[in-house]
Structure formats: C-alpha cells, structure tokens
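Beneath this line is the structure, given in structure tokens, with notes to follow.
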Amino acid sequence: MSMRILVLISGRGSNLAALVEAAHAQAWPAQVVGVISNRPQAAGLQWAQSHGLPTQVLDHQAFASREAFDAALLQACLAHRPDVVVLAGFMRVLGEAFVQHFEGRLINIHPSLLPAFTGLHTHRRALQAGVKVAGATAHYVTPRLDHGPVIAQAVVPVLPRDTEHSLADRVLRAEHQLLPLAVAWHVRGELQLHEGCVHHRQGAAQTLFFPDADLTPAMAVPQ
Ligand code: GRF
C-alpha cells in the first residue's frame with residue numbers, strides 16, 4: 001500500500017520538487033498526493049500543478065486568528081487522508097492542536113543545525129555568530145518551534161567570503177538531499193523514536209557531510 005504524503009509550502013517549492021523527484025526516482029512506497037500553500041503567490045504551486053499534483057491555497061491572512069487558520073488547515077489536510085505531512089518551506093508556526101494531531105508523522109526541514117538558530121534569518125545569524133559550519137535539519141515536529149526529534153542533519157562549510165545569499169544557496173542544495181532522505185526513511189518504516197531521539201533501525205548514518213562548497217558528499221548517501 002502506497003503511503004500518502006501531503007506537502008505544505010509557502011514559497012518557491014524547491015524542497016517539494018526534490019521530494020517528488022526522489023519519490024519517483026527511488027520508487028518509494030509512497031507518493032505526494034497534494035500540496036497546500038498558505039501563500040497564494042507561492043511559486044511552488046505552479047510547479048505542483050505542472051506536475052499534476054492537486055493544490056490548494058489557504059491564505060492565513062484571511063483568518064481572524066491563528067487558531068482559526070490552524071483549524072481550517074487541519075480540515076484541509078485531513079481531506080487528503082495523509083499518512084505523513086511534510087513542511088517543505090512552510091513559514092507558519094503551527095499550534096499545538098494541529099501538531100498533536102499529526103504527532104510522529106509531521107516532518108519539517110529547517111535551514112540550520114538545530115538546536116542552533118531556531119526561527120527566522122538563520123543564515124544571517126550564523127554569519128554574525130561566526131560559525132564555521134552550517135547546514136540543515138530534518139526533524140519531527142513537536143509543539144515547541146524547531147525543537148522536535150532530529151531525523152537527520154546535513155553539514156556544509158561556512159566559507160570566508162560567504163554572504164547570506166551564498167550560504168543560503170549552499171544550505172538549500174544540501175536540503176534537497178536531506179529532506180528526501182528523511183522522508184524516504186519514514187515512509188519505509190526505517191525510523192524509530194526512543195526517549196525523544198530518532199534512530200535508524202539499520203544504523204544508517206543520520207548525517208550528510210558536504211566538506212566542500214561544491215557539495216561533494218564525504219560519504220555515500222544511504223538509499
Ligand atoms: C528552505 O531553506 C527552508 O528550509 C526554509 O525556506 C526555504 C524554502 O525553500 N524554511 P523552498 O520553498 O523549498 O524552495
């Protein structure tokens with residue numbers, strides 16, 4: 001039985017594209033069944049439509065409160081009967097009721113090495129802090145923002161002449177490998193949550209290291 005993946009986006013949707021392409025190329029026992037955006041202008045909606053995916057816009061600005069938006073989003077999500085919900089550049093904080101409904105099957109990609117740099121402007125803050133590695137984290141979502149159990153992390157270098165833009169670009173390319181890997185593991189039942197930590201059942205490395213700016217992997221990406 002194919003698992004049903006629902007993807008929530010807010011923007012260009014490059015992580016969505018990486019996910020859909022990996023699901024096809026790697027013959028996952030799962031498929032993306034729909035895309036919901038909280039922003040009507042999200043470019044990812046066009047990408048989804050041009051790839052035959054059902055899309056829906058739920059503009060958060062049209063709702064009187066956060067709770068009202070969350071409640072409507074929950075209903076919209078449930079209509080897709082998802083087995084797993086992926087936040088792929090979804091830029092709204094979700095309330096406890098929504099998160100608890102999908103506990104253990106709600107996955108987010110965040111562009112930093114959590115728990116460092118939760119929230120917004122991660123790349124700017126990483127540069128200001130002078131850190132020498134950056135990266136991204138795929139994690140299960142819990143009610144506390146950007147703090148859920150880590151599924152996998154991708155590490156990239158921070159280079160001396162980096163700008164917010166160049167670092168964001170490098171991290172984004174790492175995200176495109178990291179998020180599909182995390183979701184593939186989930187839909188194949190390869191992950192186990194134990195005392196708040198996620199372990200891969202076969203002991204696969206849950207880290208992607210990209211030691212150079214070209215993102216040449218330091219290790220084979222486990223399939
Ligand atoms: C990604 O860097 C994601 O981690 C961040 O927003 C960006 C979304 O990019 N939260 P895209 O919409 O997937 O292209």
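The values are calculated or read from the model by the stated rules, or taken from the named source; none is laboratory data. Because the structure is predicted, anything quoted here is derived from the model rather than measured. Methodologically, a virtual Cβ is constructed for each residue, glycine included, from the backbone with ideal geometry; neighbour enumeration extends over all protein chains shown. Just the protein is used for accessible areas: all its heavy atoms, side chains included, with ligands, DNA and RNA removed. Shrake-Rupley method; radii C 1.70, N 1.55, O 1.52, S 1.80 Å.
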*Contour minus Cα-Cα distance for Arg124 and Ala76 (0.36 nm per residue)*: 13.9 nm
*List every residue whose amide H lies under 5 Å from the amide H of Gly135, counting only residues 5 or more places away in sequence or on a different chain, with H placed 1.01 Å from N in the peptide plane.*
Leu113, Val156
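Give me the percent of accessible area attributable to carbon and sulfur for the chain, probe 1.4 angstrom.
Numbers: 5710 of 10640 Å².
The computed percentage sits at 54.
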*Could you work out the Kirkwood radius for the range 3-221, taking every pair of different alpha carbons, averaging 1/r and inverting it, reported in Å?*
17.6
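How large is the Kirkwood hydrodynamic radius of the range 1-43, in angstrom, based on all distinct alpha carbon pairs? Numbers along the way, then the final one.
Numbers: mean 1/r = 0.0919 Å⁻¹.
Taking the inverse mean of 1/r over all distinct Cα pairs, the range 1-43 comes out at 10.9 Å.
With a 1.4 Å probe and all protein chains left in place, how much accessible area per residue does the chain have, in Å²? Walk me through the intermediate numbers first.
Details: 10640 Å² over 223 residues.
Using a 1.4 Å probe on heavy atoms only, each residue of the chain averages 48 Å².
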_Compute the helix-to-body angle for 14-25: its Cα long axis versus the longest principal axis of the chain, expressed 0 to 90° and rounded to tens._
90
_Could you sort the peptides 121-133, 14-26 by per-residue average Cβ neighbour count (10 Å cutoff), highest mean leading?_
14-26, 121-133
*Under the Karplus relation 6.51 cos²θ - 1.76 cosθ + 1.60, θ = phi - 60°, what is the ordered set of whole-Hz ³J(HN,Hα) values for the range 150-164, x standing for Gly and Pro?*
6, 8, 6, 10, 10, 10, 10, x, 9, 9, x, 9, 4, 10, 3
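How about the range 138-214: which trypsin sites (Lys or Arg not before Pro) there are in a DSSP loop, with at most 13 other Cβ atoms within 10 Å of their Cβ?
Numbers: sites: Arg144, Arg161, Arg170, Arg173, Arg188, Arg201; in loops: Arg144, Arg161, Arg188, Arg201.
Passing sites in the range 138-214 are Arg144, Arg161, Arg201.
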*In terms of modelled amide H atoms, which long-range or inter-chain residues lie less than 5 Å from the amide H of Ala30?*
Met3
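Using a Förster distance of 30 angstrom, determine the FRET efficiency expected from the C-beta separation of Ala213 and Leu193, and round it to 0.05.
Values: r = 34 Å, r/R0 = 1.14.
My answer for the efficiency is 0.30.
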*Could you go through the range 188-205 in sequence order and give the Karplus-derived ³J(HN,Hα) for each residue, using 6.51 cos²θ - 1.76 cosθ + 1.60 with θ = phi - 60°, rounded to whole Hz, and x for Gly and Pro?*
8, x, 8, 10, 9, 9, 9, 6, x, 10, 9, 10, 7, 4, 8, x, 4, 5
*Before rounding to the nearest 500, sum -39500 (n - 2.57) across all DSSP H runs of length at least 4 in the chain and divide by the residue total; then give [θ] at 222 nm in deg cm²/dmol.*
-10000 deg cm²/dmol
*How large is the dipole of the range 3-221 about the Cα centre if only Lys and Arg carry +1 and Asp and Glu carry -1, each at its Cβ, rounded to the nearest 20 debye?*
100
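What shape does the range 1-105 take by its C-alpha gyration tensor, where a ≥ b ≥ c are the square roots of the eigenvalues and a/c under 1.5 counts as rounded, a/b above b/c as prolate, and the rest as oblate? Show your work: numbers first, answer last.
Numbers: a/c = 2.11, a/b = 1.34, b/c = 1.57.
Since a/c reaches 1.5 but b/c is at least a/b, the shape of the range 1-105 is classed as oblate.
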